[in-house]
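Got a structure for you, written out below as structure tokens; questions coming shortly.
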Amino acid sequence: MNVQVNPFHYGRPLDSMEGLVDRDAELEELLGCVRSGQAVMVYGPRRYGKTSLARVVEGRAREEYGIPGIYVDLWGASSISDIVSILGQAYARASGTFRMRRFLADLLGRLGFTVSFEGASVGVGYEGTRPGSREREVLMELLRVPQRMSSRAASGKVLVILDEFGEVLNMPGEPDALMRSAFQDSPDVSFLFMGSKRSLMDGLFSDRRRPFYNFGRRIELSRLPYEGLGNFVEERFENAGRSITPEAVDVLLGLGQGHPYRTQQLAFHAFRLSADGTADEETVLAAKDAALDEAEPEFRAVLDTMERPRRAVLVALCKEPTTEIYSRPYMQRHGIKGSGSLKSALGSLLASGDLEQAGSGPPRPTDPLLALWVRERINGG
């Protein structure tokens, strides 16, 4: 029996170009920066493919140019102790690539870590009970490790990817000042700073008072062009032994609106539901309903955790996008109490990434499926 594997993937980062949709320009630009040692800040809302892009860059840099990478995920870090622990684990995971396990184990051991290696797996522990001043010293030692690693790499260079780097903004102990000091003294290390919250990344890289002001280039990920997405969807169906009609592709793209994650999610369900081998418009509409059902708990949680003014503005823009958002009739229709409340909610939603705004256009929900769910399933649609 020939079981056709669904060629669309969502919900987890990708490690290869195979599933990465139309990010060729950004990929080549980032690879050029890595080779030249140029630091780059990459901003994009959640689920725009930042982590997947970073992992593909890391793999290509290692395979094609001999530049090994260290991937550091700072999501959820709230203290210097957290950063110390995360860095220690990231270095230990990278040690197999650098063939320097003993060096790292000894170094981390001197800094208060316990490190154990069993085959390909690495175990790392950290007490995190040192006084604040000593912890800053430990962090500084860890921040200098990539430069020391570079001399042991075949290329003489190392790539460090700091995902969700915005978490360090306003963290107690000002770790960003320590990081800037160490990073500017690391000439053989390339840095990619990734972030999904505009307010945090702008606070770090655009504020003259912050240590990372204008530290490197800035690349912003946008929604994907329809043409590239359409070709991707058609080719994936064809390579998996199925087909999708041009009209169905148009419907799917209209629903996904260039959002990388949501387009893959819709295409996944369209492929799953095309049991007879062809996806048509009805198949895509059924895929839309399946995707809405799947995402409903997530969307309810998003709205339930929002304060009422923010929720009212987000729901209003999901139902009725407009440039006349400050008009009194619009605010009255959507239960928005006043212009002051509206302005504050808009700023908060844009900063958190729940809304996005291109140029002088109206603010719009970052997640097109959330907007669709609000329109179709809240208060009778």
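The values are calculated or read from the model by the stated rules, or taken from the named source; none is laboratory data. As the structure is a computational prediction, the values presented were derived from the model and not from experiment. We place every Cβ from the backbone using ideal geometry, glycine too, and count neighbours over all the protein chains shown. Protein only, heavy atoms only, side chains kept; ligands, DNA and RNA dropped before computing areas. Shrake-Rupley method; radii C 1.70, N 1.55, O 1.52, S 1.80 Å.
What's the total number of residues in the range 364-378 that are in contact with a helix residue (DSSP H, G or I) (Cβ under 6 Å, 6 or more places away or on another chain) and open to solvent by 20 Å² or more (accessible area, probe 1.4 Å)?
1
If Arg223 satisfies every condition in (1) open to solvent by less than 60 Å² (accessible area, probe 1.4 Å); (2) in a helix (DSSP H, G or I) but one, which is the exception?
(2)
What's the total number of residues in the range 328-363 that are outside any helix (DSSP H, G or I), open to solvent by 40 Å² or more (accessible area, probe 1.4 Å) and of a type in the set (Gly, Ala, Ser)?
Residues in the range 328-363 being outside any helix (DSSP H, G or I), open to solvent by 40 Å² or more (accessible area, probe 1.4 Å) and of a type in the set (Gly, Ala, Ser): 3 in total.
Could I ask something else about it? Restricting the range 138-168 to residues that are of a type in the set (D, E, K, R) and assigned to a loop (DSSP other than H, G, I, E, B), which is farthest from Gly32 (Cα to Cα)? Walk me through how you get there before you give the answer.
Taking the range 138-168 as the starting set, the residues that turn out to be of a type in the set (D, E, K, R) are 141, 144, 148, 152, 157, 163-164, 167.
Now narrow it down to the ones that are assigned to a loop (DSSP other than H, G, I, E, B): 144, 152, 157, 164.
Working: Arg144: 23, Arg152: 22, Lys157: 13, Glu164: 22 Å.
Within the range 138-168, the match that is farthest from Gly32 (Cα to Cα) is Arg144.
Counting only residues that are under 25 Å from the mean Cα position of the chain (by Cα) and among the charged types (D, E, K, R), which one in the range 360-381 is modelled with the lowest pLDDT?
For the range 360-381, the residue satisfying everything is Arg364.
Does any residue in the range 23-35 that is within 14 Å of Arg217 (Cα to Cα) come within less than 7 Å, Cβ to Cβ, of a residue that is part of a helix (DSSP H, G or I) and of a type in the set (Gly, Ala, Ser) six or more places away or on a different chain, and which pairs are these?
From the range 23-35, the pairs are Leu31/Ala61; Val34/Ala61.
Spot the failing condition for Asp276; the list is (1) under 29 Å from Gln4 (Cα atoms); (2) more than 24 Å from the chain's Cα centre (by Cα); (3) assigned to a helix (DSSP H, G or I), and only one is missed.
(3)
Oh, and also: Checking Met194 against (1) open to solvent by 10 Å² or more (accessible area, probe 1.4 Å); (2) over 19 Å from Leu139 (Cβ atoms); (3) in contact (Cβ under 8 Å) with a residue 40 or more places away in the chain: exactly one of these is not met. Which one?
(1)
Could you tell me whether Pro146 is at pLDDT 85 or above and either crowded, with 19+ Cβ neighbours inside 10 Å or on the phi > 0 side of the Ramachandran plot (or both)?
In short, yes.
Let me ask something additional. State all residues of the range 29-50 that are within 15 Å of the chain's Cα centre (by Cα) and small (Gly, Ala, Ser); if no residue qualifies, say none.
Gly44, Gly49
Let me ask another. Please work out if Ser116 is of a type in the set (Ser, Thr, Tyr) and either at pLDDT 70 or above or out of contact with any strand residue (DSSP E or B) (no Cβ under 8 Å at 6 or more places or on another chain) (or both).
On the way: of a type in the set (Ser, Thr, Tyr): yes; either at pLDDT 70 or above or out of contact with any strand residue (DSSP E or B) (no Cβ under 8 Å at 6 or more places or on another chain) (or both): no.
Spelling it out, it is not the case that Ser116 is of a type in the set (Ser, Thr, Tyr) and either at pLDDT 70 or above or out of contact with any strand residue (DSSP E or B) (no Cβ under 8 Å at 6 or more places or on another chain) (or both).
Starting from the range 84-95, keep only residues that are within 17 Å of Met171 (Cβ to Cβ), then list their pairs with residues that are part of a helix (DSSP H, G or I) whose Cβ atoms are within a distance under 7 Å, requiring at least 6 positions of separation or different chains.
These pairs meet every condition: Val84/Glu135; Val84/Val138; Val84/Leu139; Val84/Leu142; Leu87/Leu142.
Just give me the residues in the range 33-74 being assigned to a helix (DSSP H, G or I) and of a type in the set (Lys, Arg), in sequence order.
Arg35, Lys50, Arg55, Arg60, Arg62
Do we have Ala153 as touching a residue at least 12 places away in the same chain (Cβ under 8 Å) and within 14 Å of Tyr213 (Cα to Cα) here? Walk me through how you get there before you give the answer.
Details: touching a residue at least 12 places away in the same chain (Cβ under 8 Å): yes; within 14 Å of Tyr213 (Cα to Cα): no.
Judged against the criteria, Ala153 is not a match.
Among the residues in the range 97-104, are any open to solvent by less than 30 Å² (accessible area, probe 1.4 Å) and either over 19 Å from Lys157 (Cβ atoms) or at pLDDT 85 or above (or both)?
Looking through the range 97-104, none of the residues is open to solvent by less than 30 Å² (accessible area, probe 1.4 Å) and either over 19 Å from Lys157 (Cβ atoms) or at pLDDT 85 or above (or both).
Considering only the range 169-191, I want to know if a residue exists there that is surrounded by fewer than 14 Cβ atoms within 10 Å (Cβ to Cβ) and in a strand (DSSP E or B).
Checked the range 169-191: no residue is surrounded by fewer than 14 Cβ atoms within 10 Å (Cβ to Cβ) and in a strand (DSSP E or B).
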